[in-house]
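Structure first, then comments.
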Amino acid sequence: MKKELNVAIAIAEPLIRRKIYNKLKYTKNIFPTLIHPNVIYSDSVTFGQGVIISAGSIVTVDITIDDFVIIDRGCNVGHDTKVDEFSTLLPSTTVSGNVHIQKSLLMGTGSIIIQGLTIGENSIIGAGAVVTTDVPKNCTAVGVPAKPIKYHENI
């Protein structure tokens, strides 16, 4: 491709988003970070390329959001949190402070992660779940409190 384009990969499923990026990464395309004007965030937040943050979200202080993360409408991300690449927080999710979300997490609508936890890569948190303990990688966790119900192949 000879022409440089701005490309937003706005697909919620982390693994599909990563596959699309892998097909485009050696082109001249630019992957801008898109933050809705009414998102509240601190100057101490670091954003990677291709990040999308939707209206009504609050991203507090000392947070790192890696490449191609999607934070959907009305989410809250607490202090000292790290969100690794290709993760998705669906609408109305809450991530308390000092949480590490490893790459390619899919966090279901209305789910909550309490402070100080690590959520393993390629995991899924079910809609409405309340995560009170670390979640291993390649796992689906659901319920209140969230419990692993399924393990996925290493992707």
For residue 25, the aspartates and glutamates lying under 20 Å Cα to Cα, once residues fewer than eight places off in the same chain are dropped, come out as 4, 13, 66, 67, 84, 85
Residue separation between residue 33 and residue 149 times 0.36 nm, minus their alpha-carbon distance, gives in nm 38.3 nm
By the C-alpha gyration tensor axes a ≥ b ≥ c (rounded if a/c is under 1.5, else prolate when a/b exceeds b/c, else oblate), the shape of region 24-84 is prolate
Sequence order, region 82-90: Karplus ³J(HN,Hα) from phi using 6.51 cos²θ - 1.76 cosθ + 1.60, θ = phi - 60°, Hz rounded, Gly and Pro as x, gives 10, 10, 6, 3, 6, 7, 10, 10, 6
Projected convex hull area of the chain, Cα atoms, direction-averaged, in nm², equals 8.4 nm²
HN-Hα couplings for region 26-39 via Karplus (6.51, -1.76, 1.60; θ = phi - 60°), in whole Hz with x for Gly/Pro, come out as 9, 8, 8, 5, 10, 10, x, 8, 10, 10, 4, x, 9, 5
Projecting the Cα atoms of 38, 16, 79 onto the charge dipole of the chain, where Lys and Arg contribute +1 and Asp and Glu -1 at Cβ, the residue farthest towards the positive end is 16
In whole angstrom, the spacing between the Cα centers of region 106-155 and region 1-68 equals 22 Å
Ordering 47, 68 by the accessible surface of their heavy atoms, 1.4 Å probe, largest first, yields 47, 68
For 43, 72, the accessible-area ranking with a 1.4 Å probe, largest leading, is 43, 72
Here the Kirkwood hydrodynamic radius of region 56-142, Cα-based and in Å, equals 12.0 Å
accessible surface per residue for the chain, probe 1.4 Å, DNA/RNA/ligands not counted, whole Å² -> 49 Å²
Any residue on another chain or 5+ positions along whose placed amide H is under 5 Å from the amide H of residue 34 is listed here as 51, 52, 53
For region 58-155, the percent of accessible surface on carbon and sulfur atoms (probe 1.4 angstrom, ligands and nucleic acids excluded) is 54 percent
A correct Karplus calculation of ³J(HN,Hα) over region 129-136, with 6.51 cos²θ - 1.76 cosθ + 1.60, θ = phi - 60°, whole Hz and x for Gly and Pro, returns 5, 10, 8, 10, 9, 3, 10, x
Within the chain, excluding any trypsin sites (Lys or Arg not before Pro) found in a DSSP loop (not H, G, I, E or B) and having at most 13 other Cβ atoms within 10 Å, the longest uninterrupted segment runs 29-155
Relative to the chain, whose Cα atoms define the longest principal axis, helix 14-24 and its Cα axis are tilted in degrees, nearest 10, by 20 degrees
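The values are calculated or read from the model by the stated rules, or taken from the named source; none is laboratory data. Nothing here was measured: the structure is a model prediction, and the numbers come from that model. Quick reminder, even Gly has a Cβ in these numbers, built from the backbone with ideal geometry, and neighbours come from all protein chains shown. For the accessible areas, the whole protein counts, side chains as well, though only heavy atoms, and no ligand, DNA or RNA atoms are used. Shrake-Rupley method; radii C 1.70, N 1.55, O 1.52, S 1.80 Å.
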